[in-house]
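Input: a single structure, listed below in structure tokens.
The values are calculated or read from the model by the stated rules, or taken from the named source; none is laboratory data. Quick caveat: nothing in here was measured; it's all calculated off a predicted structure. Don't worry about glycine lacking a Cβ; one is built from the backbone with ideal geometry, like all the others, and counts go over all protein chains shown. Side chains are part of the model used for accessible areas, which takes the heavy atoms of the whole protein and leaves out ligands, DNA and RNA. Shrake-Rupley method; radii C 1.70, N 1.55, O 1.52, S 1.80 Å.
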Amino acid sequence: MVHMMIKNRIQLVTGDITSLVVDAIVNAANTSLLGGGGVDGAIHRAAGPELLQECKTIGGCATGQAKLTKGYQLSARYIIHTVGPVWRGGAKGEAKLLASCYAASLKLAQTHQIESIAFPAISCGAYGFPISQAAMIAIKQTASCLESYAGLKQVIFVCYDGSIFSAYQQALDVLNNE
Ligand code: AR6
């Protein structure tokens, strides 16, 4: 049973992450941090060209790690860029690397006194990670980090479509019943 204090800080929403009013949104980027398709493209378009200028100065990001920039034209003050693993069948450390994306992003959030943060389903688009497994990893790693990060009041998982939303809902149910 997850402690209520943790469960109450996790929310699921559907929609576009760029429109959320939170302290930070997380980007599912690639190691170059120079933009791309999917949620990465949407975030760069919404934040404006200054984001790419800053990204050019921070030296990319390794898979499983995270880096912080300003949010520019977004409502969010910060963007935390993380690089999920490409799914290669599951025996190449993909699960550990994906968990590390959530842990590294939440660690940065703590360092910058971020109280509210929104995540997309990292690796679940172009990178091909199976959604139900990814949702479980996202929820479990986040719940574990929230136990020690008392300042983080709200973590929103933004589900771009209904199948992702139901995967997260199932993952939350599993966690609640453990
Ligand atoms: N808001 C929320 N979620 C979104 C949005 C949005 N505006 N747009 C897409 N998604 P993906 P990845 C969902 O492919 O798998 C990029 O080119 C989408 O439905 O964006 O980590 C990068 O530059 C899916 O569920 O990221 C990398 O090269 C989830 O976001 C590569 O793709 C992630 O899909 C990263 O691939």
Original post:
Just checking, how many residues over the stretch 120-136 are more than 13 Å from the ligand (Cβ to nearest atom) and either at pLDDT below 95 or closer than 20 Å to residue 29 by Cβ (or both)?
Top reply: 0
Original post:
Any idea which residue in the stretch 1-19 is nearest to the chain's Cα centre (by Cα), counting only those that are crowded, with 18+ Cβ neighbours inside 10 Å and within 9 Å of the ligand (Cβ to nearest atom)?
Top reply: 17
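Conditions (1) in a loop (DSSP other than H, G, I, E, B); (2) touching a residue at least 40 places away in the same chain (Cβ under 8 Å), marked per residue:
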{"site": "63", "(1), (2)": "yes, no"}
{"site": "86", "(1), (2)": "yes, yes"}
{"site": "97", "(1), (2)": "no, no"}
{"site": "102", "(1), (2)": "no, yes"}
{"site": "106", "(1), (2)": "no, yes"}
{"site": "117", "(1), (2)": "no, yes"}
{"site": "122", "(1), (2)": "yes, yes"}
{"site": "128", "(1), (2)": "yes, yes"}
{"site": "137", "(1), (2)": "no, yes"}
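Suppose we filter the stretch 139-167 for residues that are of a type in the set (Val, Ile, Thr) and either part of a helix (DSSP H, G or I) or more than 16 Å from the ligand (Cβ to nearest atom) (or both); how many remain?
3
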Original post:
Taking the condition in contact with a Ser or Thr (Cβ under 7 Å, 6 or more places away or on another chain), on the phi < 0 side of the Ramachandran plot and at pLDDT 95 or above, does residue 23 pass?
Top reply: yes
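Among the listed residues 65, 169, 110, 141, identify the single one that is at pLDDT 95 or above and within 20 Å of residue 43 (Cα to Cα).
None of the others qualify; the one that does is 65.
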Subject >> Selection within the stretch 25-45 - part of a helix (DSSP H, G or I), within 8 Å of the ligand (Cβ to nearest atom), without any contact (Cβ under 8 Å) to a residue 60 or more places away in the chain and buried (at least 20 other Cβ atoms within 10 Å of the Cβ) >> reply: 40, 43
Original post:
Applying the selection to the stretch 68-84, what residues are touching a residue at least 40 places away in the same chain (Cβ under 8 Å) and open to solvent by 10 Å² or more (accessible area, probe 1.4 Å)?
Top reply: 68, 74, 75, 77, 78
Original post:
Looking only at the stretch 14-35, which residues are in contact with a helix residue (DSSP H, G or I) (Cβ under 9 Å, 6 or more places away or on another chain) and under 17 Å from residue 86 (Cα atoms)?
Top reply: 27, 28, 29, 30, 32, 33, 35
**OP:** Inspect the stretch 51-61 for any residue being in contact with a strand residue (DSSP E or B) (Cβ under 7 Å, 6 or more places away or on another chain), open to solvent by 20 Å² or more (accessible area, probe 1.4 Å), over 19 Å from residue 101 (Cα atoms) and away from the ligand (no atom under 12 Å from the Cβ) and give the result as yes or no.
**Re:** yes
